[in-house]
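Each value in this text was obtained by applying a stated rule to the coordinates, not by laboratory testing. The structure presented is a predicted model; accordingly, all values stated were derived computationally and were not measured. So basically every Cβ, Gly included, is an ideal-geometry build from the backbone, and we count neighbours across all protein chains shown.
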Amino acid sequence: MPSSRISDVFTKLKSENRLAFMPFITSGDPDIAATGELITELGKQGCDLIEIGFPYSDPIADGPTIQASYTRALDKGLHVNDIFNTVAALPTEELPPLVAMVAFAIIYRIGPEEFLTKLKSAGFSGMIVPDLPGDEAASFFELSQKHGLDLVQLVSPTTKPERVERILAAASGFVYCISVAGITGVREDLPPELKDQLRWLREKTDLPLAVGFGIGKPEQIDMLRDVADGVIVGSAIVRQLEPLAKAPDQKKAIIDQIGNYAADMLAATKS
Amino acid sequence: MADTSRPNLPRASTAVAEPTTHDPDARGHFGIFGGRYIPEALMAVIEEVTAAYEKARTDQAFLDKLDDLQTHYTGRPSPLYEAIRLSEHAGGARIFLKREDLNHTGSHKINNVLGQALLARQMGKTRVIAETGAGQHGVATAVACARFGLDCVVYMGEEDIRRQKLNVFNMRTMGAEVRPVTTGSRTLRDAINEAMRDWMASVETTHYILGSVVGPHPFPQIVRDFQSVIGKEARQQCLEETGRLPDEVIACVGGGSNAAGMFYPFVEDDSVQLTGVEAGGRGPQPGQHASPLSYGRKGVLHGSFSYVMQDDDGQTCDVHSISAGLDYPGVGPEHAYWKDTGRVNYVAAEDDEALAAFKKLATLEGILPALESSHAIAHTIKAAKQRGPDDIIVVCLSGRGDKDVTEVARLLGQEL
């Protein structure tokens, strides 16, 4: 496993016997300035990695909460360059590694080479491309490696063993394990089959395993302690952003609230 | 003539059963187009559908059931009808209409739906979901689900529900649940997003009957194969009725299912010119039309790589067409392949041309075409003028226009 900022985070956490906490936020919701402030706040709280969603008009892999958030951002005229510019203006070396969540439709339109160049120079460490499964990813994975960016791949509970091997061949950074066979959103419990799948994956790869889709509560982190290396929280955070679109004067209060939420989740990764 | 002598005509299943050199590669690529740009959570069920389809193609019992349904339920074969007064009006080539409007449910959509409903049963699924734009695919799916006793949910954009009240009523009457889609542009593309999302959470019990030659592999191939009965029959009927192949074959293209089914059996007939007619809307300016092959660029949408209407950031653009069934920013990957290889020529017919053709076919032939098919008729009249009286044009009349009369009346400033 080649070393990268992302893999260094997981190596350090392992020595501390702690899970990684990786919040997801939508860029441009409610506006791009707030996104910069949120990244700063989440970094200040000590989050281990931050996922930055690139709004897309047809996000079939995302649930209604994140789609609505993408729509709010696009309706305000957000462009991909606004995201690059905002992140580039942050002291990214002092922040946790930033990972883009971005549709291949966007990457293809901008041009893979140009997109990766811009992503790297803005200060991102890697990306997740939810609509580019292992099958179509081989050449893009090579290109990402050339640019020094990790390409995180997803594995679902329905992914067959023979596919997993092909997927892992075009993966770096960590493996994003989808916890429920379905779309993103907050669920009440973690399915028991998940632990079995994680144990099985553990034998297949040295890459860290992070669990996402349906995680929102500190208690859920406990359940994953022995089988995963990190948790990803998306909808539960984006939902807190929702009221901001209508009440811009609440910005500071809501960013603080998300910061406090991140602090609670981080505390749960330690106990 | 030959139309009633069923044994002389190719059966629906022959287009399905024969693997050809035109099948996509194992991962669904037509040249550089197609593929599977989908979330990992859908991959297992997509592979299940692929395997089930490959098995069904060589399963005689499956093929016999399909033929039986197509003959006795759909009413196939559909006639090839010479539109003499329309030909006279155009003043050039002889125009023949492939009458898919006469199928049960009033359009070509039933061809694909019956095949996929049989496939759903084969896979042991008890629930079917579908997206619909104009409502023709939704109605065909509701009909097939009623026929097979499958639960049925149809996703339909709120804007399309307004435009297509009759079809919404028909689907509900048939026992389907019509779920309004209120996200994004509230039209066909958002209905596809919602159906995909439903499928990710319901793969165990549910088959998604995608209605056009779009989406991830194997849908572009499956839908083309089930629709190819149109072109297979038309080719044979033309040979029997005129003694030769047509000079040109014309069909409208939204996602492109009737055109794919019409063109595919003619692809190797080099003498036959193939023309796809997109929705030109109000003109070539962005946002005013739904013609990705004429004005769009290569890109990814709904799981496949094809031509698409996108902005510089890869965000899907809003599109416009008078016809809800053509109001789609993407197009099937095989059409993209045919465009780039030059096998098919793609043109656009604008809203007012389609409306004029709708009226012409009604007054000259006593046939109310769907607004989608009216685009093909509009271009056919133009193309026929450029040809001599010995030339033959076959055009796919993909659906009947009853569903559109409220909208046409509104556009003409009349009240029903």
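Here the contact order of chain B, divided by its residue count and restricted to Cα pairs under 8 Å and six or more residues apart, works out to 20 percent.
The label point for B:Glu54 and the one for A:Glu114, both projected 7 Å from the Cα toward the Cβ, are 3.9 nm apart. Rounded to 0.05, the FRET efficiency of the A:Arg225 and B:Gln285 pair, given R0 = 45 Å and the Cβ-Cβ distance, is 0.20. Counting other Cβ atoms within 10 Å as a rough exposure proxy, the listed residues A:Asp256, A:Asp31 run A:Asp256, A:Asp31 from fewest neighbours to most. Among B:His72, B:His104, the ranking by other beta carbons within 10 Å of each residue's beta carbon, starting with the fewest, stands as B:His72, B:His104. In the structure shown, do any of A:Lys118/B:Lys298; B:Lys55/B:Lys298; B:Lys298/B:Lys360; B:Lys232/B:Lys382; A:Lys44/A:Lys118; A:Lys76/A:Lys251 have a Cα-Cα gap over 27 Å, and if so which? With Cα atoms farther than 27 Å apart: B:Lys55/B:Lys298; B:Lys298/B:Lys360. By the count of neighbouring beta-carbon atoms within 10 Å, fewest first, B:Glu131, B:Glu158, A:Glu41, B:Glu40 end up ordered B:Glu158, A:Glu41, B:Glu40, B:Glu131.
Legend note: in the protein assembly as shown, cysteines whose Cβ sits 4.7 Å or more from every other cysteine Cβ are A:Cys47, A:Cys177, B:Cys238, B:Cys252, B:Cys317, B:Cys396.
Every helix of 4 or more DSSP H residues in the protein assembly as shown counts as -39500 (n - 2.57), and over all residues that averages to -13500 deg cm²/dmol at 222 nm. For a paramagnetic label modelled on B:Lys382 (point 7 Å from Cα along Cα→Cβ), amide N atoms under 19 Å away belong, within region B:280-313, to B:280-296. Counting Cα-Cα pairs of the protein assembly as shown in 10 Å increments starting at 0 gives whole-percent bin shares of 3, 16, 25, 24, 16, 10, 5, 1, 0.
Could you work out the percent of alpha carbon pairs in region B:1-142 separated by over 24 Å, rounded to a whole number? So the portion of pairs separated by more than 24 Å is 46 percent.
Membrane-span-like helices of chain A, defined as complete DSSP H segments with a Cα extent of 20 Å or more along the helix axis and a mean Kyte hydropathy of at least -1.0, are identified as A:251-270. With coordinates expressed along the principal axes, the C-alpha atoms belonging to chain B extend over 56, 47, 42 Å, beginning with the largest. Between A:Thr11 and B:Phe169, the modelled label-to-label distance comes to 7.0 nm, taking each label 7 Å out from Cα in the direction of the beta carbon.
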